[in-house]
Amino acid sequence: MKRSWWKGLVVPAALIVAAEIAMRLSNTTSMSLAAPSDILAALLRALFDGSMLVATRDTLASAGAGLLLGGLLGLLLGMIFGLIPIVNRLMEVTVEAIRPIPSVAVLPIAMLVFGFGYSMEIAIVAFSCLWPVMILTRAAMAGIEPRLIEVARALRLSTTQRIAKIVLPAALPRIMVAVRLAAAIALVVAVTVEIAANPLGLGYGILVAQQGLQPDLMLAYLVWIGVVGWSLNATLAFAEKRLFGRAAQVEAAGA
Amino acid sequence: MNTSNDAAIVFDRVSLAYGGRPIISDLSLDVGRGEIVCIIGPSGCGKTTALRMAGGLVRPLDGTVRVLGEPLTEPRRDVAIVFQDYGKALLPWRTAAANVSLALEAAGTPRSERPERIRTLLAKVGLASHEDKYPTEMSGGMQQRIQIARCLAQDPAVLLMDEPFGALDAMTRQGLQDEMLSIVAETGATVFFVTHDLEEAVYLGDRVIGLLPNPGRIGIDLKVDLPRPRDQLETREMPEFLRLRRTLFDFIEKAEA
């Protein structure tokens, strides 16, 4: 494992070198392609003049706020649906009717309600993050050891105590999986909304570069979005391990 | 049987059915205060169900269950339940001490008093130096000790034990039997002990009640006249012990036939 960590990098490195050579040899001026070295230069330029950092901040702020909003709502609804079967049955058709709507399809409505800007993007991101968190939380509620619920009953824990001391910790590993999933969705949806309509963030940056016939900058944005997405996931995975190491370990042992 | 008011647990003509199938039919039984009553019987005789009714986890369809003179409608904090599957009944994300703490948190014990109580309770069940270990790091016997400590933290007047030592090896089981007896002797708690081990029932009980299956009802009610404190070797060699064991063995054989 340790000895061959670089092996996975051989293919991408070879591809980058090949692309560089091909671009230099053919000497084309393309509107969709750029040499890797030009892309890197454009990336560094955009980073140092601050434009890309501002765009990153805008995208992450919208995605983060949407994730927080949608995630909390999804957590709450998932807990209610998971713990109170009658509510779940009552809401089943409604949820299944709304859930499959592609998040981008609510864009026109969101634009009418919120106009352009952060709140519109946040609303759409929240809408898309709500469902996976809700469904996984609901499933996590069903997966709680029934004996623990009996222990809670026997000790006469209040509803709040039961949720804080038994339900949430027991469901935490699965809820964390939902949060990671939703975080990936949040970034995708935020960038999509920016490309489709909203004049801010990384998605808008990539659109402007494309329309300004700057393929190197456009691809630099693409590379940067990949880096941001990867870092986001790595950060969450690290946080999960650090914060909930014990719970995750238990989950693994029990599985 | 007469339902006297000083009994700890009273089943008064209790019946229960699941989906039309009778589980327990017309069960009447008194458990006196401070008494250790062991319940045996073939599988499907409703012994665990009876225990769950005494704990308020299940409500009877007919009749009433009274605990310490009051009709039972929901679990009470002074009635502690020791489940057989200790691995599932403990919170795996909490240490031994924090698991015991759960009962104190439920009872609203002030935060400042908890550490001292937890230390005393864990020492009582022989886990003095294991406070900071997680259940998964401990053996089955130790995990069951945590659960017993958590139940003792409830200051129970009644201990309901559902085959608590059934999953443990013979040596651990005997050790825990004696520890339980000495703890109960100290606190004067009433014990309702479900087991499938006939020798265990005779060894622990003041009385052994055998249930018959389909539907569950009382088949035998034996008084155990063995001196206390009991001794794993001497008690088990007494003629009276052997006689009771024989009677119960015959009962089970007939009940299962």
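The values are calculated or read from the model by the stated rules, or taken from the named source; none is laboratory data. Quantities reported herein were computed from a predicted structural model and do not represent experimental measurements. Positions of Cβ are backbone-derived with ideal geometry, glycine not excepted, and every protein chain shown enters the neighbour counts.
Here are some notes:
- Among the conditions (1) crowded, with 22+ Cβ neighbours inside 10 Å; (2) within 14 Å of chain A (Cβ to nearest Cβ), residue B:134 misses just one, which is (1).
- Scan region A:200-217 for residues that are more than 20 Å from the chain's Cα centre (by Cα) and either surrounded by 23 or more Cβ atoms within 10 Å (Cβ to Cβ) or touching a residue at least 40 places away in the same chain (Cβ under 8 Å) (or both) and the total you get is 5.
Let's see how each residue does on (1) under 30 Å from residue B:216 (Cβ atoms); (2) surrounded by fewer than 21 Cβ atoms within 10 Å (Cβ to Cβ); (3) aromatic (Phe, Trp, Tyr):
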site: B:69; (1), (2), (3): yes, yes, no
site: B:82; (1), (2), (3): yes, no, no
site: B:85; (1), (2), (3): yes, yes, no
site: B:112; (1), (2), (3): no, yes, no
site: B:120; (1), (2), (3): no, yes, no
site: B:125; (1), (2), (3): no, no, no
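- Some residue of region A:136-144 being more than 10 Å from chain B (Cβ to nearest Cβ) and in contact with an Asp or Glu (Cβ under 6 Å, 6 or more places away or on another chain): no
- Some residue of region B:20-38 being among the basic types (Lys, Arg), in contact (Cβ under 8 Å) with a residue 60 or more places away in the chain, under 23 Å from residue A:153 (Cα atoms) and surrounded by fewer than 18 Cβ atoms within 10 Å (Cβ to Cβ): no
- Filter pass, residue A:89 being exposed (fewer than 14 other Cβ atoms within 10 Å of the Cβ), away from chain B (no Cβ under 14 Å) and either hydrophobic (A, V, I, L, M, F, W, C) or in a helix (DSSP H, G or I) (or both): yes
- Of the set (1) of a type in the set (Lys, Arg); (2) within 14 Å of chain B (Cβ to nearest Cβ); (3) assigned to a helix (DSSP H, G or I), all apply to residue A:45 but (2).
- Checked against (1) free of Cβ contacts under 8 Å to residues at least 12 places away in the same chain; (2) more than 25 Å from residue B:144 (Cα to Cα), residue B:233 meets all criteria but (2).
- Tallying residues that are more than 10 Å from chain A (Cβ to nearest Cβ), over 20 Å from the mean Cα position of the chain (by Cα) and buried (at least 21 other Cβ atoms within 10 Å of the Cβ) within region B:87-100 yields 1.
- Taking the criterion of being more than 22 Å from residue B:104 (Cβ to Cβ) and in contact with a strand residue (DSSP E or B) (Cβ under 8 Å, 6 or more places away or on another chain), the residues of region B:143-180 that qualify are B:162, B:163.
- Residue match in region A:153-173 (condition: in a helix (DSSP H, G or I), small (Gly, Ala, Ser), crowded, with 18+ Cβ neighbours inside 10 Å and free of Cβ contacts under 8 Å to residues at least 12 places away in the same chain): yes
- For region B:181-257, the helices (runs of 4 or more DSSP H) that sit wholly inside it and include 3 or more residues that are at pLDDT 90 or above, of a type in the set (D, E, K, R) and surrounded by fewer than 18 Cβ atoms within 10 Å (Cβ to Cβ) are B:234-237, B:239-256.
- Qualifying position, being within 20 Å of the chain's Cα centre (by Cα) and exposed (fewer than 14 other Cβ atoms within 10 Å of the Cβ), among A:72, A:53: A:53
- Residue B:81 meets each of the listed conditions (1) within 12 Å of chain A (Cβ to nearest Cβ); (2) modelled with pLDDT under 95 apart from (2).
- Hey, residue A:67 touching a Cys at 6+ places or on another chain (Cβ under 8 Å) and either in contact (Cβ under 8 Å) with a residue 12 or more places away in the chain or under 29 Å from residue A:227 (Cα atoms) (or both) or not: yes
- Within region B:158-180, the set of residues being over 12 Å from the mean Cα position of the chain (by Cα), surrounded by 17 or more Cβ atoms within 10 Å (Cβ to Cβ) and of a type in the set (A, V, I, L, M, F, W, C) comprises B:168, B:176.
- Residue A:66 touching an Asp or Glu at 6+ places or on another chain (Cβ under 8 Å), more than 14 Å from chain B (Cβ to nearest Cβ) and under 30 Å from residue A:223 (Cα atoms): yes
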